[in-house]
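Trainee: Sharing a structure below in structure tokens format, with a few things to ask.
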Amino acid sequence: MLPYIFAEKKGIHIIDLNKTTDSLQEAASALKQMARAGKKIMFVGTKKQAKEIVTECARRVNMPYATERWLGGMLTNFNTVRKSVKKMQGIDKMLGDGSAETLTKKERLTLTRDRDKMEKVLGGISQLGRIPAALFIIDIGHEHIALAEAKRLGITTFGMVDTNCDPNKVDFPIPSNDDATKSIAIITQYITAAIAEGLAERQAAKDDEVEEVTDDEKEKIGRAHV
């Protein structure tokens, strides 16, 4: 982390905020392009300080997230994890359409408890049908299992990297304090805003395509009448 450290004061390393700004803008630009291309970006932040922020930001842009704990094999054994998600969705269906009413009270209670446990861990990836194109990680040291799985699968990684971690382990390191709630919020919200811009541009491009098709159809209809 030496290139990203501005100074040391009383044994505490101070990060160069100019380097943080440059790295953040580079990461945000890459993520914006990914979102514009329709790729899924998974948010990972299971630290207490990050959970609420990550959940809120990921939901805002309709992206998958993991904030409770990282299940070993969540990416490398994705098909098995998907089976658990489908099981959870099956329970939801039973509870929603009244099928569960045929069960005993004890069985329904057990079913509900199992569903709640799965929702806690898998709720953030319930709509993820394929392996994400990228991971945005809060504290790459704390989320080393997620990082290792992403690397194994060739998934692009973005992460907040504090002075106690190796920035070379992530494709797009963002030197920053990954313990402070305010720091996590600033970085994550900036990243989320960039992703939102990419999604908006993607939607605008789709709307333009539809408009062009409509204009072509009108022209064809006009020629037919002539």
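The values are calculated or read from the model by the stated rules, or taken from the named source; none is laboratory data. These numbers come from a predicted model, not from an experiment. Here the Cβ is made from the backbone with ideal geometry for all residues, glycine too, and neighbour counts use every protein chain on show. Please note that ligands, DNA and RNA were not included when accessible areas were found on the heavy atoms of the full protein model with its side chains. Shrake-Rupley method; radii C 1.70, N 1.55, O 1.52, S 1.80 Å.
Trainee: Say the dipole of the chain comes from +1 at the beta carbon of Lys and Arg and -1 at that of Asp and Glu; which of M74, L128, T110 then lies farthest toward its positive end?
Mentor: Farthest towards the positive end: T110.
Trainee: Okay, next question. Compute the separation of the alpha-carbon centres of region 26-64 and region 180-205 and state it in Å as a whole number.
Mentor: So the two Cα centres are separated by 7 Å.
Trainee: Now, a different point. Suppose a student asked you for the relative contact order of region 36-120, using Cα pairs under 8 Å spaced at least 6 residues apart; what percent would you report?
Mentor: 22
Trainee: Could you please put R59, R82 in sequence from largest to smallest accessible area, using a 1.4 Å probe?
Mentor: R59, R82
Trainee: Continuing with this model, one more query. Anyone know which of T112, T102, T80 comes out most mobile in the 10 Å Cα GNM of the chain?
Mentor: Judging by the Gaussian network model, the answer is T102.
Trainee: Now, a different point. So how much accessible area does D208 have, in Å² to the nearest 10, using a 1.4 Å probe?
Mentor: 80
Trainee: Here is a follow-up. Mind jotting down the distance between the C-alpha centroids of region 110-151 and region 1-16, whole Å?
Mentor: For region 1-16 versus region 110-151, the Cα centre distance is 32 Å.
Trainee: Contact order normalised by length for the chain, with contacts defined as Cα pairs under 8 Å and 6 or more residues apart; what percent is it?
Mentor: 29
Trainee: Relative to the Cα centre, what is the charge dipole magnitude of the chain, using +1 at the beta carbon of each Lys and Arg, -1 at the beta carbon of each Asp and Glu, and rounding to the nearest 20 debye?
Mentor: That gives a dipole near 1140 debye.
Trainee: Report the net charge of residues surrounding P132, where surrounding means a beta-carbon distance below 9 angstrom and charges are Lys +1, Arg +1, Asp -1, Glu -1.
Mentor: Net local charge, P132 excluded: +3.
Trainee: Over all alpha-carbon pairs in the chain, figure out the percentage whose distance exceeds 27 Å.
Mentor: 45
Trainee: In what sequence, largest accessible area first, do L2, L153 appear using a 1.4 Å probe?
Mentor: L2, L153
Trainee: Leaving ligands and nucleic acids out of the surface, order F6, F172 by accessible area at 1.4 Å, largest first.
Mentor: F6, F172
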